[in-house]
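To start, I am sharing the structure in question, which I have written as structure tokens.
Every number here is computed from the coordinates shown, using simple stated rules; none is lab data. These numbers come from a predicted model, not from an experiment. Ideal geometry is used to build each Cβ from the backbone, glycine not excepted, and the neighbour counts take in all protein chains shown.
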Amino acid sequence: MPSVVHTLMHPHRTPPPPIDVDLARVMGSGTTLWGAALVVTGVLSWLGVAPATWVWVCGAGVALGVVGVLWARHNGRLSSDGTGAMIRPGDEDPGAPTILG
């Protein structure tokens with residue numbers, strides 16, 4: 001059994017397992033928020049309350065969000081077993097029905 005000093009000097013940490021999420025849904029939510037901010041800052045800029053650079057920042061957020069959603073949809077899909085796990089293209093989906101033929 002290692003000593004307390006050895007354990008404190010050389011801690012052993014096990015990382016938690018990665019969380020399975022639908023990245024397209026997460027990025028889509030963020031893009032929606034950037035879109036709402038774009039509308040708000042657009043109106044405020046039109047009224048002369050906010051600078052136009054705020055509108056450009058929100059527009060960039062929407063553009064990057066759309067790119068992120070497209071990337072997430074192209075590079076992975078959800079497992080059909082309902083766990084929310086992402087499956088890379090080419091990997092088999094263990095929950096998908098197989099067609100025998």
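Which FRET efficiency value, to the nearest 0.05, do you get for Leu70 and Val40 by plugging their Cβ-Cβ distance into 1/(1 + (r/R0)^6) with R0 = 30 Å?
Once the sixth-power term is evaluated, E becomes 0.75.
Just need the relative contact order of the stretch 21-75 here, percent rounded to a whole number, with Cα pairs under 8 Å and 6+ apart.
Working: 42 pairs, mean separation 28.7, N = 55.
Relative contact order, the stretch 21-75: 52 percent.
Could you run the Debye sum over the Cα atoms of the stretch 21-75, one equal point scatterer each and no solvent, and tell me log10 of I(q)/I(0) at q = 0.12, 0.19, 0.29 Å⁻¹, two decimals?
Values returned for q = 0.12, 0.19, 0.29 Å⁻¹ are -0.30, -0.60, -0.99.
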